[in-house]
Amino acid sequence: MVFVISFSDSNPERVSKLIQRTFPRGGGDIPHHKEATDGKPIVVMPAPSIVVIPLQQHIGAPCEPVVAVGDKVKMGQMIGQSTKFISAPVHSSVSGQVLAVEERRLANGAKTMCVVIRNDGRDEMVAGEKHGDLRKISAAAIREAVKNAGIVGMGGAGFPTHVKLNPPKPVDTILINGAECEPYLTCDHRLMVEQAEQMVHGLFAIMKATGAAKGVIGIEANKPDAISQVQEAVAEYEQLSVAVLQVRYPQGAEKQLIKAILNREVPSGGLPHDVGCVVSNVHTAIAIYEALSAGKASYERVVTVSGGAVVDPRNLLVRVGTPIEELFKFCGGFLGEPEAVVCGGPMTGPPVQDLLGPVVKNLSGVLALSKEEAAFDENFPCIRCERCVRACPMGLTPNLLGEYSNKGLYRDAERLHLRDCIECSLCSYVCPAKRALVTWIKKGKAGLAAENAKEKVS
Amino acid sequence: MDDLRLLVSPSPHIRDTDTTEKIMFAVLLALLPVVAASIYFFRWDAVRVVLLASGSAVATEAIFQRLRKRPVTVADGSALITGVLLGLSVPPTLPSWMVILGSAFAIAIGKQVFGGLGHNPFNPALVGRAFLTASFAKAMTAWTAPIDAVSAATPLAMGPAVSRIPDLFFGSVAGSLGETSALAILLGGIYLFYRGVIDYRIPVGILGSVTVFALLAGQDPVFHLLSGSLLFGAVYMATDMVTSPVTKAGRWIFGIGIGVIIMVIRVWGGFPEGVTYAILFMNAVTPLLNRWTRPRIYGQGVKVSE
């Protein structure tokens with residue numbers, strides 16, 4: 001039987017249910033709230049007069065500053081780097097003068113060393129190394145260029161991309177994660193609509209760097225325009241394809257995405273390369289393309305500004321180092337008083353503690369949630385309704401994991417596979433007793449790690 | 001923006017709109033057709049018993065929590081459910097003081113001594129019912145035929161020859177208040193299923209295993225399904241979230257186990273009705289079922305490639 005699917009004339013969410021892929025267990029329907037921004041083109045936000053650029057915007061070793069107070073810097077100039085392999089350099093997002101190299105508060109409340117630069121408004125660029133024909137660059141040159149550009153996983157994790165492009169095991173398939181299953185966020189959606197070709201070139205570069213023969217872009221079915229754009233962009237390449245994914249949270253979680261598209265299970269404690277694949281985010285792929293084609297460093301990104309307490313929600317192309325407050329002001333300010341402000345998506349994103357905290361490379365969105373939208377833990381007694389067990393995409397028992405972790409019974413939680421939790425937060429979301437399940441589980445993981453470390457010492 | 005006070009709480013920042021209270025309210029709503037049927041068939045006795053049982057349950061919970069210096073949580077509706085369930089599972093002629101005592105026992109011993117909502121291993125209403133049956137065996141089996149108030153044996157004691165299936169279905173038979181009308185129970189059950197409060201696995205497991213068992217034993221399965229407190233227990237008692245397993249496989253075993261025990265008691269046991277004890281027994285096994293039937297975890301047992 002042949003299914004002919006056309007995305008142009010009808011709703012793919014309904015038509016193509018038969019070919020939509022998904023992970024087999026758990027998951028849930030959560031509200032999308034994407035309609036506020038998913039139809040609006042990306043808007044370029046003017047650079048602020050002062051940027052605050054953290055020297056650590058990634059998982060791994062922090063950078064050492066390579067500029068001093070008073071130095072003139074250009075846009076794209078490296079201002080911090082590290083000799084460690086797992087690290088990524090940082091670059092100036094404006095041209096201007098270094099005002100300070102000092103500790104500043106990030107949006108999440110943590111303090112870190114930052115380079116503060118006064119913008120001279122000229123946007124003078126450093127001359128980056130351009131690679132004309134992408135097909136002729138070697139794998140090593142791609143990794144080098146990606147490293148020099150300071151590219152990190154832009155979906156949220158912030159893992160240095162050049163490390164990912166150097167997998168210790170053979171890899172046959174690259175997955176581009178276009179699921180964007182977090183509510184409100186639409187930056188990847190808009191990028192797929194507006195820059196599908198660039199993303200495909202970035203995907204080819206990742207395939208080249210890792211030696212993978214195939215590339216698949218996974219997109220949730222609620223983005224029909226992105227699906228048709230990307231399908232058009234991959235049409236001429238046999239080795240590339242688009243996988244339409246069911247709208248189901250957490251479809252974009254790495255392990256669930258791999259299961260849905262390739263039907264492979266990453267072993268407990270393992271990484272995607274253990275099952276022959278590497279997963280990259282949409283924005284990251286585009287950044288790789290820009291680094292190779294134009295020598296552009298990772299100093300700006302698209303950020304979704306949304307939530308019920310924002311006057312005019314939209315996607316902005318923002319310089320790294322811009323205070324988050326400026327983004328909201330650019331979108332018309334707050335509608336009433338927001339109850340909570342969040343970095344990233346509402347399911348997994350940390351709360352914003354300081355609105356003056358800067359935009360960083362892995363910030364996919366900032367949300368101002370109204371009183372009606374925002375909810376928090378209330379911790380009524382567990383009535384064992386099993387909704388968390390049914391929802392867990394990993395097959396865990398979050399009710400017990402949460403309880404053990406909260407009571408400090410880390411070993412008991414470990415026996416129930418505490419460490420396999422991917423922290424998608426769906427257990428807390430579905431809990432009718434509003435228990436802080438995922439918060440306790442995170443605490444349990446930290447507690448377990450601390451206990452293990454103590455045992456090693458003694 | 002400078003003086004903005006932000007709520008700093010960990011993710012997730014959004015939550016499903018369903019709450020414990022809403023779930024409890026849904027159960028109460030689902031009990032309405034059964035309460036209505038019991039009032040239709042037993043008139044003022046039904047009103048008296050259900051009101052006394054609910055009032056006693058709520059009061060006991062409040063007094064107990066006050067004595068333990070804990071927040072009084074009767075507003076969550078769980079004690080009210082226990083009271084209504086207990087009221088519906090006793091005969092309409094039960095003396096008022098016994099109703100009050102049974103309901104107080106259900107909450108105090110069945111629920112609060114274990115720590116309150118969510119911590120009780122046994123269904124509190126069934127604990128109350130078992131207590132009443134053991135203490136006041138005669139009053140608890142003084143079945144009255146509906147409306148005309150002539151004492152009668154429960155159909156289970158008489159056997160299928162004398163009972164008419166339509167009477168069993170609509171409820172015009174002798175029995176406990178809420179157990180007589182299968183139609184009302186099914187209405188409530190369908191609502192609870194639709195509302196996502198109960199899992200079909202438990203009632204289907206019970207009714208399925210009873211049917212199979214009855215057929216194997218050469219008895220009329222329809223009579224067994226519609227008589228006694230089987231349907232009432234399968235829909236409202238066995239499905240209690242707190243005291244039933246949390247895994248899908250565990251729920252199948254739980255339901256089938258209840259059905260088999262009911263039939264063992266009905267076919268070979270010394271008294272006609274076994275639903276209370278069957279569910280209580282399987283409540284006791286629930287922690288083990290939870291342990292034995294944990295779902296397969298993603299990535300467990302998968303080999304790392306070289």
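Excluding same-chain neighbours fewer than eight residues apart, the lysines reachable from A:Lys371 by a Cα-Cα span under 30 Å are A:Lys34, A:Lys40, A:Lys111, A:Lys223, A:Lys329, A:Lys361, A:Lys434, A:Lys442, A:Lys443, B:Lys22. Between the residues A:Tyr429, A:Pro41, A:Gly332, the greatest Cα displacement towards the positive end of the dipole of chain A, with unit charges on the Cβ of Lys, Arg, Asp and Glu, is found for A:Tyr429.
With a 10 Å radius around each residue's Cβ, average the other Cβ atoms per peptide and rank A:371-378, A:315-322, highest first.
Most protected by this proxy first, the peptides run A:315-322, A:371-378.
Counting only Cβ charges, +1 for Lys and Arg and -1 for Asp and Glu, the dipole size of the range A:304-369 around its Cα centre is about 280 debye.
Taking only the Cα atoms of the range B:17-86, the ratio Rg/Rh comes out at 1.05, with Rh defined as the Kirkwood radius.
Note on B:Leu67 and A:Ala294: with the Förster distance fixed at 56 Å, the Cβ-Cβ geometry gives a FRET efficiency of about 0.15. Kirkwood radius for the range A:387-457, taken over all pairs of different Cα atoms as the inverse mean of 1/r, rounds to 11.9 Å. The spacing between the range A:143-186 and the range A:71-90, judged by their C-alpha centroids, is 19 Å. In the range A:98-195, a dipole from Cβ-located charges (positive for Lys and Arg, negative for Asp and Glu) runs towards its positive end, and of A:Leu185, A:His162, A:Asn119 it is A:His162 whose Cα lies farthest in that direction. Close amide H partners of A:Glu124, meaning residues 5 or more places away or on another chain with modelled amide H under 5 Å apart, are A:Met75, A:Ser95.
Report Rg(Cα)/(2.2 N^0.38 Å) for the range B:20-292, keeping two decimals.
That ratio works out to 0.93.
Within the shell of other residues whose beta carbon sits under 10 angstrom from the beta carbon of A:Pro432, the net charge comes to +2, with Lys and Arg scored +1 and Asp and Glu -1. Every Cα-Cα pair of the range A:46-126 was included, and the share exceeding 21 Å stands at 24 percent. Each listed q (0.11, 0.13, 0.17 Å⁻¹) maps to a log10 I(q)/I(0) for the range A:192-342 from the Debye sum over equal C-alpha point scatterers, namely -0.55, -0.75, -1.12. Charging the Cβ of each Asp and Glu at -1 and of each Lys and Arg at +1, and nothing else, the dipole of the protein assembly as shown about its Cα centre rounds to 1780 debye. Look at the stretch B:43-54: the mean tally of other chain Cβ atoms within 10 Å of its residues' Cβ atoms is 0. For the range A:109-219, a crude dipole built from +1 on the beta carbon of Lys and Arg and -1 on the beta carbon of Asp and Glu, taken about the Cα centre, is about 420 debye to the nearest 20. Partner shielding of B:16-22 amounts to 6, given as the average count of beta-carbon atoms from other chains within 10 Å of each residue beta-carbon. Take each residue of peptide A:346-352, count the partner chain Cβ atoms within 10 Å of its Cβ, and average: the result is 4. Where both bridge residues fall in the protein assembly as shown, DSSP classifies roughly 60% of the beta bridges as antiparallel. With a cut-off of 14 Å between beta carbons, the residues surrounding B:Asn283 carry a summed charge of +3, where Lys and Arg count +1 and Asp and Glu -1. Here the translational diffusion coefficient of chain A follows from Stokes-Einstein with Rh set to the Kirkwood radius across Cα pairs; for 20 °C and 1.002 mPa s it amounts to 94 µm²/s.
Computed from label points 7 Å out along Cα-Cβ, the spacing between B:Val222 and A:Gln239 is 6.8 nm.
Each residue of the range A:365-371 was assigned a 3J(HN,Hα) from its phi angle through the Karplus curve 6.51 cos²θ - 1.76 cosθ + 1.60 (θ = phi - 60°); the sequence is x, 10, 10, 10, 9, 7, 4 Hz, with glycine and proline shown as x.
The GluC sites (Glu not before Pro) found in the range A:20-116 that occupy coil by DSSP, while having at most 13 further C-beta atoms within 10 Å, are A:Glu35. Both radii are taken from the alpha-carbon atoms of the protein assembly as shown; with Rh as the Kirkwood radius, Rg/Rh is 1.07.
Ranking A:Ala391, A:Gly76, B:Gly115 by how far each Cα lies toward the positive end of the dipole of the protein assembly as shown (charges on Cβ) leaves B:Gly115 at the top. For chain A, the 222 nm mean residue ellipticity estimated from helices alone, with every DSSP H stretch of n ≥ 4 adding -39500 (n - 2.57) and the total spread over all residues, rounds to -8000 deg cm²/dmol. Scan chain A and note any complete DSSP helix (H) whose C-alpha atoms cover at least 20 Å along its axis and whose Kyte-Doolittle average is -1.0 or more. Helices passing the filter in chain A: A:196-210, A:437-457.
Count charges around A:Val389 for me, please; just the other residues with Cβ under 10 Å from its Cβ, Lys/Arg as +1, Asp/Glu as -1. Walk me through the intermediate numbers first.
Numbers: positive: A:Arg384, A:Arg387, A:Arg390, B:Lys248, B:Arg294; negative: A:Glu386.
Here the count lands on +4.
Where a number appears in this text, it was derived from the coordinates with a stated rule and is not lab data. Note that the structure is a prediction, hence the values are computed from the model and not measured. Quick reminder, even Gly has a Cβ in these numbers, built from the backbone with ideal geometry, and neighbours come from all protein chains shown.
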